[in-house]
Each structure stands twice: as C-alpha cells, then as structure tokens.
1. Kindly establish whether residue 132 is under 15 Å from residue 227 (Cβ atoms), part of a helix (DSSP H, G or I) and either at pLDDT below 95 or more than 13 Å from the chain's Cα centre (by Cα) (or both).
2. Could you please let me know if residue 111 is in a loop (DSSP other than H, G, I, E, B) and more than 25 Å from residue 206 (Cβ to Cβ)?
3. What about residue 126, is it farther than 25 Å from residue 338 by Cα and either surrounded by 23 or more Cβ atoms within 10 Å (Cβ to Cβ) or modelled with pLDDT of 95 or more (or both)?
4. Being crowded, with 21+ Cβ neighbours inside 10 Å, under 16 Å from residue 175 (Cα atoms) and either at pLDDT 85 or above or more than 20 Å from the chain's Cα centre (by Cα) (or both) is the filter here; which residues of region 186-204 pass it?
5. In region 149-268, which helices (runs of 4 or more DSSP H) lie fully inside it and hold 3 or more residues that are touching a residue at least 24 places away in the same chain (Cβ under 8 Å), in contact with a strand residue (DSSP E or B) (Cβ under 8 Å, 6 or more places away or on another chain) and closer than 30 Å to residue 126 by Cα?
6. Keeping to region 294-322, report how many residues are out of contact with any helix residue (DSSP H, G or I) (no Cβ under 7 Å at 6 or more places or on another chain) and farther than 28 Å from residue 112 by Cβ.
7. Residue check: is residue 145 touching a helix residue (DSSP H, G or I) at 6+ places or on another chain (Cβ under 8 Å) and closer than 21 Å to residue 76 by Cα?
C-alpha cells in the first residue's frame, strides 16, 4: 500500500494537516530517479544539514550562518520560495543579505506550475549530489516538512492520472467537499477519518488515489535515509512565535506585498493552482477583489499563518531525528554549529 504524499505543507490557508497534493509526476515530467549512492557521502564525507521548524523562527538567517561556519551552500526547502516573483510574501532573503552564501532552488518554478514534491525531490537531490561531489556541505533550509522528508528519506509516491483528477475536481466544484468526503468515507473509511471534510483538495487527492491504487494512506510510513543528515529544528514559545508572525506580516505589507501580488496577477496568479493559495497571496487577492479591506487582509494572513505554524510544528515533532534548539537563544549559532559537529559524528 503506497502512501499519498502529494500536497505538502504548502503554506496555503486551507491545507488542514500539512499534507501533499501532488506527489505526482505531471505530464511531460520525467519520473523521479531511484535512490542512488552516486555522489553521496560515505565514511567521513560531508552530511546534509537540515534546518527545519515553523515559519518565522529564523531558519533562513541561521541557515546562512551555518553555511558560513561549515563552508556550505543553502538549498531551499520552502515550497513557496520555489516560485518566481514571490519574494516578499515568502520572506525570501534578498541576495544582498545572503553574505555571499550561494542559495539554490529559489524562484525556479513559474507561478502557473502546480506543486509537485516529486519534481522538487529530483531537483533538490541533483543539487545536493553536485555539492557533495565537490565536498561542500548542503544546508537544507525550510519549513515544508514533506519536501524535506522526500529529499532526505526513501519515500514512494503514488502516481496520478490527469483525467481522473480533473473528474474529481469537477465534482468538487459541483457538489462541494462535504459531499465528496462522504463518498470517500464509503470507499475508504480510514482515509476519510484522517481528512477534514472541509479540505477539498485533499479529499480529491484521496479519491483519486483510491480509484487508481485501491487505498489511501494519510501518514508517512517508516523509511530509510537516503543521505546521512543532521536535522535541527527551531522552536519558540507560542506567544513569541505569534508575535514574530504578526511582525512579519506587518513587515511584508510595508515592503510592498500588495504591489508584488498586483505584478503577479498580470502573470496569471489568480488562476495559478498552487501559488494563488499561498499565505499572504490568497488574502491579498481577496483584498484586490474587494472582498477584504486592508486591515482584514492583514489580520487573516496573520491568523492563517499562526495556524500553519502549528501544523508545521506537529509535522516536525513526529520526526524523531530532529534535534530541537531554542530559536530565541543568544548563542543559537554556536549551539547549532556545535550540534552539527556532534551529531554529524554520530550519524556516520
């Protein structure tokens, strides 16, 4: 039985638990290669360092500091930072603030591209393998839990069928998510129990997988690592994290998020299957459509981001390989570099 790991924690306001939407190989996209050991570390070769955790905990800045300390390069693992032109709303670190540390997989997808963890895995592993072949430590940074797991672990993904998906999406538009959830419950009660009736995208994916493969598994199965890795998670108290999220939303507005969305609308953001649902962007689209005033758009962005951060926390807490660090610690960089050195020694 193959798990559905299609729509990851995408930073979309209705994503329910951080789950996949398209672990699918889309038409014209070659299938992901099987895990290999070519270019991958053995013995005392560098491991992959992964810095994960909820949004607004400081992963990007810490990733740069760690890369500087270990002579590494940053590999993006934020699903929304993959999209071209979505810098402000995803809090992508501007190039001039990266302190000369090379960054990979930022702005490499068109906003019309659907989310695809299989596509991302292929691209990220290509980058990581190339870095390791040069003796450079990849520093994988981001809060998209499924994307991180897909790169570091040997996971299998169910296939998709565009015609089947389109039929269920049409049914969703006609009948609504609650009716489709009831249909899912009739054919796969366990899958329905794991999915909120309001999460239409995930209900559609589950129905598609059941139709094609006979069953849907809503959780990650045990898996073997593809790379030796050091996985470090940043955490904050809930009040401090909420305060940082509120401040980030205000900063995004001050930096010009509304104008960024206007530019993206000219490129078709409103019809983009994934990018249009990203946190901040979805709310500004409703602002531009006259559904929200500015204060409501900001408040809804902050509210949805706080809920998303809770889902990220739950996702990463399930990974027993993550070593947690206090994101508010004054000596965070020293602690992180020390943890990298210590855990790298035990992971090889």
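The values are calculated or read from the model by the stated rules, or taken from the named source; none is laboratory data. Computed from a predicted structure; not experimentally measured. Glycine gets a Cβ as well: all are built from the backbone with ideal geometry, and neighbour counts include every protein chain shown.
1. So residue 132 fits the description; yes.
2. Yes.
3. Considered against the rule, which asks whether it is farther than 25 Å from residue 338 by Cα and either surrounded by 23 or more Cβ atoms within 10 Å (Cβ to Cβ) or modelled with pLDDT of 95 or more (or both), residue 126 comes out as yes.
4. The answer is 200, 203, 204.
5. The helices (runs of 4 or more DSSP H) meeting that bar are 200-213.
6. Selection size over region 294-322: 10.
7. Spelling it out, residue 145 is indeed touching a helix residue (DSSP H, G or I) at 6+ places or on another chain (Cβ under 8 Å) and closer than 21 Å to residue 76 by Cα.
Residues are listed down the side, and each one gets a yes or a no for (1) exposed (fewer than 14 other Cβ atoms within 10 Å of the Cβ); (2) touching a residue at least 12 places away in the same chain (Cβ under 8 Å); (3) in a loop (DSSP other than H, G, I, E, B); (4) at positive phi:
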{"residue": "287", "(1), (2), (3), (4)": "no, yes, no, no"}
{"residue": "290", "(1), (2), (3), (4)": "yes, no, yes, yes"}
{"residue": "300", "(1), (2), (3), (4)": "no, yes, no, no"}
{"residue": "305", "(1), (2), (3), (4)": "no, yes, no, no"}
{"residue": "335", "(1), (2), (3), (4)": "no, no, no, no"}
